[in-house]
1. Relative to the longest principal Cα axis of the chain, at what angle does helix 484-494 sit, 0 to 90 degrees, rounded to 10?
2. From a point 7 Å beyond the Cα of Glu107 in the direction of its Cβ, which residues of segment 436-452 have a backbone N at a distance under 17 Å?
3. According to a simple spin-label model (label point 7 Å from Cα along Cα-to-Cβ), what is the distance in nm between Ala484 and Asp274?
4. Over the Cα atoms of segment 239-383, how large are the radius of gyration and the largest Cα-Cα distance (Dmax), in Å?
5. For a quick check: with amide H placed at 1.01 Å from N, whose amide H comes under 5 Å from Gln283's, ignoring anything fewer than 5 positions away on the same chain?
6. When the helices in the chain are scored as -39500 (n - 2.57) per DSSP H run of 4 or longer and the sum is shared across all residues, what 222 nm value do you end up with, to the nearest 500 deg cm²/dmol?
7. Please report the carbon-and-sulfur percent of the accessible area for the chain; probe 1.4 Å, protein heavy atoms only, DNA, RNA and ligands left out.
8. Within 10 Å, count the other beta carbons around each residue, average over each peptide in 401-407, 31-37, and list them highest first.
Amino acid sequence: MNLPRLLRADACVIGSGAGGAVVAAELAEGGMHVIVLEEGGERSRADATGRPRDMLPRLYRDGGQVATLGRPPLLLPLGVGTGGTTFVNSGTCFRTPPDVLERWRAEHGIEALGPETFERVERALGVAEVPAALAGRNAAVIRRGAERLGWSGGYLRRNARGCQGSGVCAFGCPTGAKQHVGEVYLPRALAAGAAVVTGARAERVLPGRGANRVVAVTPGGRLEVEAEHVVVAAGAIHTPGLLARSGLGAGSGALGRHLTVHPATAVWGRFDEDVDMSRGVPQSYYVDEFASEGFVFEGIAGPPDYLAMAAPYAGDRLRELMLAHREVAQCGLMVSDTSRGRVTSALGRPLVRYDLNARDTATFRSGLERLAELMWAAGARSVVLPVSRLPELHRGDSAPLRALDMRPSDLKLMAFHPLGTARAHADPGRGVLDEHLRVHHAPGVHVADGSAVPGPLGVNPQITIMALATRLAFRLLGTPVPAAATEETETACRS
Ligand SMILES: Cc1cc2nc3c(=O)[nH]c(=O)nc-3n(C[C@H](O)[C@H](O)[C@H](O)COP(=O)(O)OP(=O)(O)OC[C@H]3O[C@@H](n4cnc5c(N)ncnc54)[C@H](O)[C@@H]3O)c2cc1C
Ligand code: SF4
(Lines give C-alpha, C1' and ligand atoms only; values in the text may rest on other atoms or scores of the structure.)
(Ligands and ions follow the chains in the order given, each with its own letter.)
Protein backbone atom coordinates (compact mmCIF):
# COMPACT_ATOMS: atom_id res chain seq x y z
CA MET A 1 0.00 0.00 0.00
CA ASN A 2 1.31 3.47 -0.91
CA LEU A 3 0.95 5.81 2.06
CA PRO A 4 0.66 9.55 1.40
CA ARG A 5 4.05 11.18 1.68
CA LEU A 6 4.33 14.61 3.21
CA LEU A 7 7.20 17.00 2.48
CA ARG A 8 7.68 20.45 3.98
CA ALA A 9 9.22 23.48 2.29
CA ASP A 10 9.13 27.26 2.38
CA ALA A 11 7.84 27.32 -1.18
CA CYS A 12 6.27 24.76 -3.50
CA VAL A 13 6.46 25.59 -7.20
CA ILE A 14 4.14 23.74 -9.59
CA GLY A 15 5.65 23.42 -13.09
CA SER A 16 9.26 23.90 -14.18
CA GLY A 17 8.85 25.95 -17.36
CA ALA A 18 9.52 29.61 -18.11
CA GLY A 19 7.79 30.87 -14.97
CA GLY A 20 8.32 27.99 -12.53
CA ALA A 21 12.05 27.40 -13.02
CA VAL A 22 12.85 31.10 -12.67
CA VAL A 23 10.85 31.59 -9.49
CA ALA A 24 12.33 28.37 -8.02
CA ALA A 25 15.94 29.43 -8.66
CA GLU A 26 15.51 32.96 -7.34
CA LEU A 27 13.70 31.78 -4.19
CA ALA A 28 16.24 29.03 -3.52
CA GLU A 29 19.19 31.36 -3.99
CA GLY A 30 17.43 33.83 -1.71
CA GLY A 31 17.54 31.24 1.08
CA MET A 32 14.17 29.48 0.86
CA HIS A 33 13.78 25.72 0.83
CA VAL A 34 11.98 25.05 -2.47
CA ILE A 35 10.26 21.97 -3.85
CA VAL A 36 9.36 21.95 -7.54
CA LEU A 37 6.67 19.55 -8.78
CA GLU A 38 6.87 18.80 -12.50
CA GLU A 39 4.35 16.56 -14.24
CA GLY A 40 6.69 15.50 -17.04
CA GLY A 41 10.01 13.72 -16.91
CA GLU A 42 13.56 14.98 -16.61
CA ARG A 43 14.88 16.35 -19.91
CA SER A 44 18.49 16.91 -20.84
CA ARG A 45 20.47 17.74 -23.94
CA ALA A 46 21.53 14.08 -24.07
CA ASP A 47 17.91 13.16 -24.92
CA ALA A 48 17.87 15.46 -27.95
CA THR A 49 18.63 13.52 -31.13
CA GLY A 50 17.60 16.39 -33.41
CA ARG A 51 15.19 14.06 -35.22
CA PRO A 52 11.69 15.56 -35.17
CA ARG A 53 9.85 12.23 -35.34
CA ASP A 54 11.70 10.96 -32.22
CA MET A 55 11.43 14.20 -30.32
CA LEU A 56 7.77 15.15 -30.84
CA PRO A 57 6.39 12.27 -28.74
CA ARG A 58 9.08 12.64 -26.08
CA LEU A 59 9.17 16.38 -25.52
CA TYR A 60 5.68 17.60 -26.38
CA ARG A 61 2.43 17.04 -24.50
CA ASP A 62 0.30 14.55 -26.44
CA GLY A 63 3.03 14.26 -29.05
CA GLY A 64 2.53 17.91 -30.10
CA GLN A 65 -1.10 17.28 -31.06
CA VAL A 66 -2.86 19.52 -28.51
CA ALA A 67 -5.48 21.40 -30.51
CA THR A 68 -8.23 23.93 -29.92
CA LEU A 69 -11.90 23.55 -30.79
CA GLY A 70 -13.32 26.34 -32.91
CA ARG A 71 -13.01 28.06 -36.26
CA PRO A 72 -10.41 27.26 -37.41
CA PRO A 73 -9.03 24.59 -35.07
CA LEU A 74 -5.46 25.50 -34.08
CA LEU A 75 -2.59 23.22 -33.21
CA LEU A 76 -1.25 24.43 -29.84
CA PRO A 77 2.03 22.65 -29.05
CA LEU A 78 3.10 22.58 -25.40
CA GLY A 79 6.28 21.23 -23.84
CA VAL A 80 6.12 18.83 -20.90
CA GLY A 81 9.02 17.96 -18.61
CA THR A 82 11.82 19.92 -16.97
CA GLY A 83 12.20 23.27 -18.71
CA GLY A 84 8.57 23.12 -19.88
CA THR A 85 7.96 24.68 -23.26
CA THR A 86 11.31 26.51 -23.16
CA PHE A 87 13.01 23.16 -23.85
CA VAL A 88 11.41 23.11 -27.31
CA ASN A 89 11.04 26.80 -28.08
CA SER A 90 12.92 28.80 -30.70
CA GLY A 91 14.83 30.96 -28.26
CA THR A 92 13.57 34.34 -29.49
CA CYS A 93 13.81 36.97 -26.78
CA PHE A 94 11.79 40.18 -26.74
CA ARG A 95 11.20 42.46 -23.79
CA THR A 96 7.60 43.40 -23.10
CA PRO A 97 6.86 46.35 -25.43
CA PRO A 98 6.50 49.71 -23.60
CA ASP A 99 2.93 50.26 -24.88
CA VAL A 100 1.90 46.90 -23.37
CA LEU A 101 3.46 47.82 -20.01
CA GLU A 102 1.57 51.10 -20.13
CA ARG A 103 -1.71 49.28 -20.88
CA TRP A 104 -1.10 46.96 -17.91
CA ARG A 105 -0.56 50.00 -15.68
CA ALA A 106 -3.52 52.02 -16.92
CA GLU A 107 -6.06 49.21 -17.33
CA HIS A 108 -4.99 46.51 -14.85
CA GLY A 109 -3.19 48.43 -12.12
CA ILE A 110 0.04 46.48 -12.70
CA GLU A 111 3.30 48.34 -12.17
CA ALA A 112 5.65 48.30 -15.18
CA LEU A 113 8.50 45.78 -15.15
CA GLY A 114 11.73 47.70 -14.65
CA PRO A 115 14.87 47.45 -16.79
CA GLU A 116 16.77 45.80 -13.93
CA THR A 117 14.35 42.85 -14.07
CA PHE A 118 14.72 42.35 -17.82
CA GLU A 119 18.51 42.76 -17.54
CA ARG A 120 18.69 40.12 -14.80
CA VAL A 121 16.81 37.59 -16.96
CA GLU A 122 18.73 38.41 -20.13
CA ARG A 123 22.08 38.16 -18.36
CA ALA A 124 21.18 34.74 -16.97
CA LEU A 125 20.12 33.51 -20.42
CA GLY A 126 23.00 35.08 -22.38
CA VAL A 127 20.61 36.95 -24.68
CA ALA A 128 22.35 38.33 -27.78
CA GLU A 129 21.55 39.12 -31.40
CA VAL A 130 21.88 36.26 -33.88
CA PRO A 131 25.13 36.76 -35.83
CA ALA A 132 24.43 37.07 -39.58
CA ALA A 133 26.79 34.16 -40.29
CA LEU A 134 24.62 31.80 -38.22
CA ALA A 135 21.25 33.05 -39.43
CA GLY A 136 21.19 30.84 -42.52
CA ARG A 137 20.05 31.47 -46.09
CA ASN A 138 16.34 31.36 -45.19
CA ALA A 139 16.87 34.50 -43.09
CA ALA A 140 18.93 36.03 -45.92
CA VAL A 141 15.96 35.62 -48.29
CA ILE A 142 13.54 37.26 -45.81
CA ARG A 143 16.00 40.06 -45.20
CA ARG A 144 16.52 40.62 -48.94
CA GLY A 145 12.76 40.89 -49.52
CA ALA A 146 12.26 43.28 -46.60
CA GLU A 147 15.19 45.49 -47.58
CA ARG A 148 14.04 45.76 -51.20
CA LEU A 149 10.67 46.97 -49.91
CA GLY A 150 12.25 49.29 -47.33
CA TRP A 151 10.49 47.48 -44.43
CA SER A 152 11.98 47.60 -40.94
CA GLY A 153 13.38 44.46 -39.38
CA GLY A 154 16.54 42.92 -38.02
CA TYR A 155 18.23 39.87 -36.59
CA LEU A 156 16.42 38.50 -33.57
CA ARG A 157 17.85 38.40 -30.07
CA ARG A 158 18.08 34.90 -28.63
CA ASN A 159 19.12 32.97 -25.56
CA ALA A 160 21.95 30.83 -26.92
CA ARG A 161 25.63 30.44 -26.07
CA GLY A 162 27.84 28.73 -28.65
CA CYS A 163 24.96 28.03 -31.05
CA GLN A 164 25.97 25.99 -34.10
CA GLY A 165 22.94 26.78 -36.23
CA SER A 166 21.79 23.16 -36.36
CA GLY A 167 18.23 24.27 -37.07
CA VAL A 168 16.39 21.97 -34.64
CA CYS A 169 15.55 24.23 -31.66
CA ALA A 170 11.90 23.11 -31.70
CA PHE A 171 12.99 19.50 -31.11
CA GLY A 172 15.43 20.13 -28.25
CA CYS A 173 18.93 21.56 -28.64
CA PRO A 174 21.42 18.69 -28.99
CA THR A 175 24.46 20.88 -28.24
CA GLY A 176 23.18 22.51 -25.06
CA ALA A 177 23.65 25.93 -26.67
CA LYS A 178 20.07 27.04 -26.14
CA GLN A 179 19.82 28.57 -22.72
CA HIS A 180 16.34 27.33 -21.85
CA VAL A 181 15.34 27.40 -18.22
CA GLY A 182 16.13 23.70 -17.74
CA GLU A 183 19.71 24.47 -18.79
CA VAL A 184 20.11 27.66 -16.75
CA TYR A 185 17.64 28.15 -13.91
CA LEU A 186 16.87 24.61 -12.73
CA PRO A 187 20.57 23.78 -12.16
CA ARG A 188 20.83 27.01 -10.16
CA ALA A 189 17.80 26.02 -8.09
CA LEU A 190 19.28 22.57 -7.43
CA ALA A 191 22.67 24.02 -6.51
CA ALA A 192 20.92 26.24 -3.98
CA GLY A 193 19.26 23.23 -2.34
CA ALA A 194 15.92 22.99 -4.14
CA ALA A 195 14.37 19.60 -4.90
CA VAL A 196 12.75 18.92 -8.26
CA VAL A 197 10.24 16.05 -8.24
CA THR A 198 9.51 14.88 -11.79
CA GLY A 199 6.51 12.78 -12.74
CA ALA A 200 4.51 14.67 -10.08
CA ARG A 201 1.20 16.06 -11.32
CA ALA A 202 -0.25 18.60 -8.89
CA GLU A 203 -3.96 17.91 -8.49
CA ARG A 204 -5.03 20.45 -5.89
CA VAL A 205 -3.85 23.33 -3.77
CA LEU A 206 -5.45 23.38 -0.33
CA PRO A 207 -4.99 26.83 1.20
CA GLY A 208 -4.57 26.98 4.96
CA ARG A 209 -3.65 29.40 7.70
CA GLY A 210 0.13 29.90 7.64
CA ALA A 211 0.75 26.85 5.45
CA ASN A 212 -0.79 25.68 2.19
CA ARG A 213 -0.82 22.11 1.02
CA VAL A 214 -0.29 20.84 -2.52
CA VAL A 215 -1.61 17.39 -3.34
CA ALA A 216 0.13 15.65 -6.22
CA VAL A 217 -0.05 12.28 -7.93
CA THR A 218 3.20 10.48 -8.71
CA PRO A 219 3.92 7.01 -10.11
CA GLY A 220 4.75 6.01 -6.51
CA GLY A 221 1.42 7.26 -5.14
CA ARG A 222 0.12 10.41 -3.56
CA LEU A 223 2.54 13.14 -2.49
CA GLU A 224 1.72 16.19 -0.38
CA VAL A 225 3.85 19.28 0.05
CA GLU A 226 3.19 21.74 2.84
CA ALA A 227 4.58 25.23 2.21
CA GLU A 228 4.01 28.82 3.25
CA HIS A 229 4.15 29.90 -0.39
CA VAL A 230 2.66 28.04 -3.34
CA VAL A 231 3.54 29.29 -6.83
CA VAL A 232 1.44 27.79 -9.61
CA ALA A 233 3.32 27.79 -12.94
CA ALA A 234 1.64 25.01 -14.92
CA GLY A 235 1.18 27.19 -18.04
CA ALA A 236 -1.87 29.01 -19.43
CA ILE A 237 -3.66 25.82 -20.47
CA HIS A 238 -3.22 23.84 -17.23
CA THR A 239 -3.19 26.48 -14.50
CA PRO A 240 -6.93 27.34 -14.78
CA GLY A 241 -7.97 23.71 -14.21
CA LEU A 242 -5.65 23.33 -11.23
CA LEU A 243 -7.00 26.51 -9.62
CA ALA A 244 -10.61 25.50 -10.39
CA ARG A 245 -10.12 22.01 -8.87
CA SER A 246 -8.75 23.78 -5.80
CA GLY A 247 -11.74 26.11 -5.53
CA LEU A 248 -9.47 29.11 -6.08
CA GLY A 249 -9.69 32.15 -8.33
CA ALA A 250 -13.24 31.70 -9.54
CA GLY A 251 -14.68 34.86 -7.92
CA SER A 252 -14.16 37.27 -10.82
CA GLY A 253 -15.46 34.94 -13.52
CA ALA A 254 -12.13 35.50 -15.33
CA LEU A 255 -10.63 32.07 -14.60
CA GLY A 256 -10.10 30.18 -17.88
CA ARG A 257 -11.36 33.14 -19.94
CA HIS A 258 -9.53 35.89 -21.89
CA LEU A 259 -7.26 33.33 -23.60
CA THR A 260 -5.05 34.89 -26.28
CA VAL A 261 -2.66 32.78 -28.34
CA HIS A 262 -0.91 34.96 -30.96
CA PRO A 263 -2.32 32.81 -33.79
CA ALA A 264 0.32 32.18 -36.40
CA THR A 265 0.91 30.66 -39.78
CA ALA A 266 3.61 30.45 -42.43
CA VAL A 267 4.08 31.28 -46.10
CA TRP A 268 6.52 29.52 -48.38
CA GLY A 269 8.35 30.98 -51.37
CA ARG A 270 9.73 28.72 -54.12
CA PHE A 271 12.97 30.09 -55.49
CA ASP A 272 15.47 29.35 -58.26
CA GLU A 273 18.29 29.15 -55.73
CA ASP A 274 19.53 26.87 -53.00
CA VAL A 275 17.94 28.16 -49.77
CA ASP A 276 18.35 24.97 -47.71
CA MET A 277 16.36 26.14 -44.72
CA SER A 278 17.57 23.21 -42.64
CA ARG A 279 20.82 25.05 -41.97
CA GLY A 280 21.14 28.02 -39.63
CA VAL A 281 19.26 29.34 -36.62
CA PRO A 282 15.60 28.52 -37.33
CA GLN A 283 14.10 31.78 -36.08
CA SER A 284 16.62 34.47 -36.79
CA TYR A 285 15.18 37.46 -38.69
CA TYR A 286 12.06 39.54 -38.02
CA VAL A 287 10.10 42.21 -39.86
CA ASP A 288 8.12 44.59 -37.64
CA GLU A 289 7.06 47.11 -40.28
CA PHE A 290 3.38 46.31 -39.61
CA ALA A 291 3.47 45.80 -35.84
CA SER A 292 1.10 48.75 -35.37
CA GLU A 293 -1.39 46.96 -37.67
CA GLY A 294 -1.27 43.88 -35.43
CA PHE A 295 1.11 41.51 -37.21
CA VAL A 296 4.81 40.70 -37.46
CA PHE A 297 6.90 38.30 -39.56
CA GLU A 298 9.56 36.00 -38.16
CA GLY A 299 11.62 33.91 -40.55
CA ILE A 300 11.18 30.35 -39.31
CA ALA A 301 13.11 27.47 -40.78
CA GLY A 302 13.96 23.90 -39.88
CA PRO A 303 14.58 20.39 -41.15
CA PRO A 304 12.57 19.02 -44.12
CA ASP A 305 10.19 17.20 -41.73
CA TYR A 306 9.08 20.62 -40.55
CA LEU A 307 8.05 21.65 -44.07
CA ALA A 308 6.32 18.30 -44.65
CA MET A 309 4.24 18.75 -41.47
CA ALA A 310 3.27 22.36 -42.15
CA ALA A 311 2.75 22.61 -45.92
CA PRO A 312 -0.90 22.69 -47.05
CA TYR A 313 -0.38 19.83 -49.52
CA ALA A 314 -0.80 16.05 -49.60
CA GLY A 315 -0.07 13.29 -52.10
CA ASP A 316 1.72 14.15 -55.34
CA ARG A 317 1.78 17.90 -54.67
CA LEU A 318 3.47 17.38 -51.32
CA ARG A 319 5.92 14.94 -52.88
CA GLU A 320 6.80 17.45 -55.59
CA LEU A 321 7.27 20.25 -53.01
CA MET A 322 9.43 18.03 -50.80
CA LEU A 323 11.65 16.95 -53.70
CA ALA A 324 12.41 20.64 -54.20
CA HIS A 325 12.59 21.48 -50.49
CA ARG A 326 16.06 23.00 -50.74
CA GLU A 327 14.61 25.78 -52.92
CA VAL A 328 11.84 26.67 -50.47
CA ALA A 329 12.03 29.61 -48.03
CA GLN A 330 9.61 29.86 -45.11
CA CYS A 331 8.46 32.86 -43.09
CA GLY A 332 6.04 32.98 -40.15
CA LEU A 333 3.22 35.48 -39.67
CA MET A 334 2.06 36.13 -36.10
CA VAL A 335 -1.05 38.14 -35.21
CA SER A 336 -1.57 40.06 -31.98
CA ASP A 337 -5.09 38.76 -31.46
CA THR A 338 -8.29 40.55 -30.47
CA SER A 339 -10.13 37.18 -30.42
CA ARG A 340 -10.55 35.61 -26.98
CA GLY A 341 -10.74 31.92 -26.15
CA ARG A 342 -11.62 29.92 -23.09
CA VAL A 343 -10.15 26.94 -21.22
CA THR A 344 -12.58 24.64 -19.43
CA SER A 345 -12.10 21.00 -18.52
CA ALA A 346 -13.65 17.69 -19.45
CA LEU A 347 -12.75 14.35 -17.88
CA GLY A 348 -9.90 16.01 -16.00
CA ARG A 349 -8.27 17.39 -19.16
CA PRO A 350 -8.28 20.95 -20.44
CA LEU A 351 -10.63 21.79 -23.28
CA VAL A 352 -9.67 24.87 -25.27
CA ARG A 353 -12.22 26.81 -27.31
CA TYR A 354 -10.96 29.57 -29.59
CA ASP A 355 -12.69 31.18 -32.58
CA LEU A 356 -10.89 33.63 -34.81
CA ASN A 357 -13.00 36.79 -35.07
CA ALA A 358 -13.61 38.84 -38.23
CA ARG A 359 -11.06 41.47 -37.27
CA ASP A 360 -8.24 38.97 -36.80
CA THR A 361 -9.24 37.18 -40.01
CA ALA A 362 -8.85 40.51 -41.81
CA THR A 363 -5.47 41.00 -40.14
CA PHE A 364 -4.35 37.58 -41.40
CA ARG A 365 -5.47 38.53 -44.85
CA SER A 366 -3.39 41.75 -44.81
CA GLY A 367 -0.46 39.86 -43.33
CA LEU A 368 -0.58 37.20 -46.02
CA GLU A 369 -0.77 39.82 -48.77
CA ARG A 370 2.27 41.60 -47.31
CA LEU A 371 4.18 38.36 -46.87
CA ALA A 372 3.48 37.34 -50.47
CA GLU A 373 4.75 40.80 -51.48
CA LEU A 374 7.94 40.17 -49.49
CA MET A 375 8.46 36.79 -51.19
CA TRP A 376 7.95 38.32 -54.66
CA ALA A 377 10.40 41.11 -53.79
CA ALA A 378 12.94 38.48 -52.71
CA GLY A 379 12.60 36.77 -56.11
CA ALA A 380 10.15 33.90 -55.51
CA ARG A 381 8.73 32.22 -58.61
CA SER A 382 5.67 31.01 -56.70
CA VAL A 383 4.22 31.49 -53.23
CA VAL A 384 2.51 28.72 -51.25
CA LEU A 385 -0.19 29.99 -48.87
CA PRO A 386 -1.79 28.39 -45.77
CA VAL A 387 -5.22 29.01 -47.31
CA SER A 388 -7.36 25.99 -48.25
CA ARG A 389 -9.14 27.61 -51.19
CA LEU A 390 -6.00 29.22 -52.61
CA PRO A 391 -2.89 27.21 -51.91
CA GLU A 392 -0.45 28.69 -54.49
CA LEU A 393 0.19 31.98 -56.30
CA HIS A 394 2.34 32.28 -59.43
CA ARG A 395 4.42 34.82 -61.36
CA GLY A 396 4.24 37.66 -58.88
CA ASP A 397 0.46 37.81 -59.03
CA SER A 398 -1.30 38.25 -55.65
CA ALA A 399 -4.64 39.27 -57.26
CA PRO A 400 -6.35 35.90 -56.44
CA LEU A 401 -5.48 36.42 -52.76
CA ARG A 402 -6.82 39.97 -52.80
CA ALA A 403 -10.04 38.78 -54.48
CA LEU A 404 -10.69 35.98 -51.99
CA ASP A 405 -13.52 36.49 -49.49
CA MET A 406 -11.44 34.96 -46.70
CA ARG A 407 -13.16 33.01 -43.93
CA PRO A 408 -11.53 31.78 -40.69
CA SER A 409 -12.02 28.17 -41.82
CA ASP A 410 -9.87 28.86 -44.91
CA LEU A 411 -6.80 29.38 -42.74
CA LYS A 412 -4.36 26.74 -41.53
CA LEU A 413 -3.10 28.13 -38.23
CA MET A 414 -1.02 27.19 -35.22
CA ALA A 415 -0.44 28.96 -31.91
CA PHE A 416 2.60 28.93 -29.65
CA HIS A 417 1.84 31.58 -27.02
CA PRO A 418 -1.20 30.86 -24.81
CA LEU A 419 -1.68 33.69 -22.31
CA GLY A 420 -4.17 35.33 -19.99
CA THR A 421 -6.37 32.54 -18.52
CA ALA A 422 -5.71 33.59 -14.91
CA ARG A 423 -5.07 37.21 -15.70
CA ALA A 424 -3.81 39.74 -13.21
CA HIS A 425 -5.98 42.73 -12.38
CA ALA A 426 -5.87 44.85 -9.26
CA ASP A 427 -9.70 44.70 -9.13
CA PRO A 428 -10.82 41.32 -7.68
CA GLY A 429 -13.97 41.60 -9.78
CA ARG A 430 -11.93 41.60 -13.01
CA GLY A 431 -8.91 39.40 -12.50
CA VAL A 432 -7.91 36.08 -10.96
CA LEU A 433 -4.67 37.50 -9.53
CA ASP A 434 -3.91 40.82 -7.93
CA GLU A 435 -1.24 43.16 -9.28
CA HIS A 436 1.41 41.17 -7.37
CA LEU A 437 0.29 37.86 -8.96
CA ARG A 438 -1.32 36.63 -5.73
CA VAL A 439 -4.61 34.75 -6.22
CA HIS A 440 -7.33 37.13 -5.00
CA HIS A 441 -8.62 36.03 -1.58
CA ALA A 442 -5.97 33.28 -1.26
CA PRO A 443 -2.94 34.67 0.55
CA GLY A 444 0.10 32.48 -0.03
CA VAL A 445 -0.97 31.22 -3.46
CA HIS A 446 0.60 32.95 -6.46
CA VAL A 447 0.76 32.34 -10.21
CA ALA A 448 3.90 32.85 -12.33
CA ASP A 449 3.29 31.66 -15.88
CA GLY A 450 1.66 32.69 -19.13
CA SER A 451 -1.81 32.57 -17.58
CA ALA A 452 -1.01 35.67 -15.51
CA VAL A 453 -0.17 37.83 -18.54
CA PRO A 454 -3.14 40.07 -19.27
CA GLY A 455 -3.65 40.21 -23.01
CA PRO A 456 -1.51 39.67 -26.08
CA LEU A 457 2.00 41.14 -26.22
CA GLY A 458 2.57 41.29 -29.97
CA VAL A 459 5.98 39.67 -29.35
CA ASN A 460 7.16 36.24 -28.17
CA PRO A 461 6.39 35.97 -24.45
CA GLN A 462 9.11 34.00 -22.66
CA ILE A 463 11.06 37.03 -21.42
CA THR A 464 7.86 38.68 -20.15
CA ILE A 465 6.93 35.51 -18.22
CA MET A 466 10.44 35.16 -16.79
CA ALA A 467 10.57 38.83 -15.82
CA LEU A 468 7.21 38.58 -14.02
CA ALA A 469 8.47 35.44 -12.23
CA THR A 470 11.68 37.22 -11.22
CA ARG A 471 9.76 40.15 -9.77
CA LEU A 472 7.42 37.82 -7.90
CA ALA A 473 10.34 35.88 -6.40
CA PHE A 474 12.02 39.01 -5.06
CA ARG A 475 8.71 40.22 -3.69
CA LEU A 476 8.31 36.96 -1.76
CA LEU A 477 11.89 37.33 -0.54
CA GLY A 478 11.08 40.87 0.60
CA THR A 479 13.88 42.55 -1.36
CA PRO A 480 13.95 44.57 -4.59
CA VAL A 481 15.28 43.00 -7.79
CA PRO A 482 19.00 43.89 -7.63
CA ALA A 483 20.32 46.27 -10.27
CA ALA A 484 23.25 44.95 -12.31
CA ALA A 485 25.64 47.51 -10.81
CA THR A 486 24.73 46.38 -7.25
CA GLU A 487 25.43 42.76 -8.12
CA GLU A 488 28.77 43.57 -9.74
CA THR A 489 29.83 45.56 -6.66
CA GLU A 490 28.78 42.69 -4.36
CA THR A 491 30.74 40.19 -6.44
CA ALA A 492 33.82 42.43 -6.47
CA CYS A 493 33.62 42.84 -2.67
CA ARG A 494 33.37 39.06 -2.18
CA SER A 495 36.31 38.21 -4.48
C1 LIG B 1 7.50 25.37 -30.65
C2 LIG B 1 7.46 26.60 -29.76
C3 LIG B 1 8.34 27.63 -30.01
C4 LIG B 1 8.31 28.76 -29.19
N5 LIG B 1 9.24 29.74 -29.41
C6 LIG B 1 9.29 30.80 -28.56
C7 LIG B 1 10.31 31.78 -28.71
O8 LIG B 1 11.16 31.68 -29.61
N9 LIG B 1 10.32 32.81 -27.85
C10 LIG B 1 9.38 32.95 -26.84
O11 LIG B 1 9.42 33.95 -26.14
N12 LIG B 1 8.43 32.03 -26.67
C13 LIG B 1 8.38 30.95 -27.49
N14 LIG B 1 7.44 29.97 -27.27
C15 LIG B 1 6.52 30.13 -26.13
C16 LIG B 1 7.20 29.97 -24.76
O17 LIG B 1 8.08 28.88 -24.75
C18 LIG B 1 6.09 29.82 -23.72
O19 LIG B 1 5.29 31.00 -23.79
C20 LIG B 1 6.60 29.67 -22.29
O21 LIG B 1 7.48 28.58 -22.16
C22 LIG B 1 5.40 29.50 -21.36
O23 LIG B 1 5.86 29.45 -20.05
P24 LIG B 1 4.94 28.90 -18.88
O25 LIG B 1 5.73 28.97 -17.63
O26 LIG B 1 3.63 29.58 -18.95
O27 LIG B 1 4.63 27.37 -19.28
P28 LIG B 1 5.59 26.16 -19.69
O29 LIG B 1 6.95 26.65 -20.08
O30 LIG B 1 4.83 25.37 -20.69
O31 LIG B 1 5.74 25.33 -18.33
C32 LIG B 1 4.65 24.71 -17.70
C33 LIG B 1 5.15 23.44 -17.02
O34 LIG B 1 4.18 23.00 -16.08
C35 LIG B 1 4.07 21.60 -16.14
N36 LIG B 1 2.75 21.23 -15.61
C37 LIG B 1 1.54 21.44 -16.19
N38 LIG B 1 0.56 21.01 -15.38
C39 LIG B 1 1.17 20.54 -14.26
C40 LIG B 1 0.68 19.98 -13.04
N41 LIG B 1 -0.63 19.84 -12.81
N42 LIG B 1 1.59 19.58 -12.10
C43 LIG B 1 2.92 19.73 -12.31
N44 LIG B 1 3.43 20.25 -13.46
C45 LIG B 1 2.55 20.67 -14.41
C46 LIG B 1 4.28 21.29 -17.61
O47 LIG B 1 4.66 19.94 -17.80
C48 LIG B 1 5.37 22.29 -17.99
O49 LIG B 1 6.65 21.74 -17.79
C50 LIG B 1 7.40 28.85 -28.11
C51 LIG B 1 6.50 27.81 -27.87
C52 LIG B 1 6.52 26.69 -28.69
C53 LIG B 1 5.55 25.59 -28.44
S1 SF4 C 1 20.16 26.25 -33.80
FE2 SF4 C 1 21.56 26.59 -32.06
S3 SF4 C 1 20.21 26.75 -30.27
FE4 SF4 C 1 18.98 25.82 -31.93
S5 SF4 C 1 19.20 23.63 -31.63
FE6 SF4 C 1 20.85 24.21 -33.05
S7 SF4 C 1 22.66 24.66 -31.76
FE8 SF4 C 1 20.84 24.59 -30.42
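The values are calculated or read from the model by the stated rules, or taken from the named source; none is laboratory data. On a predicted model such as this, the values are computed, not experimentally measured, just so you know. Glycine gets a Cβ as well: all are built from the backbone with ideal geometry, and neighbour counts include every protein chain shown. Note: accessible area is taken over every heavy atom of the protein model, side chains too, but ligands, DNA and RNA are not part of it. Shrake-Rupley method; radii C 1.70, N 1.55, O 1.52, S 1.80 Å.
1. Here the helix axis deviates by roughly 50 degrees.
2. Counting backbone N atoms under 17 Å from the label point, the list is 451-452.
3. Between Asp274 and Ala484, the label points sit 4.1 nm apart.
4. Expressed in Å, the Cα Rg and Dmax of segment 239-383 come to 19.0, 59.
5. For Gln283, the qualifying residues are Ala301.
6. Dividing the helical sum by the residues of the chain leaves -8500 deg cm²/dmol.
7. On the way: 9960 of 19470 Å².
Of all accessible area on the chain, carbon and sulfur atoms account for 51 percent.
8. 31-37, 401-407
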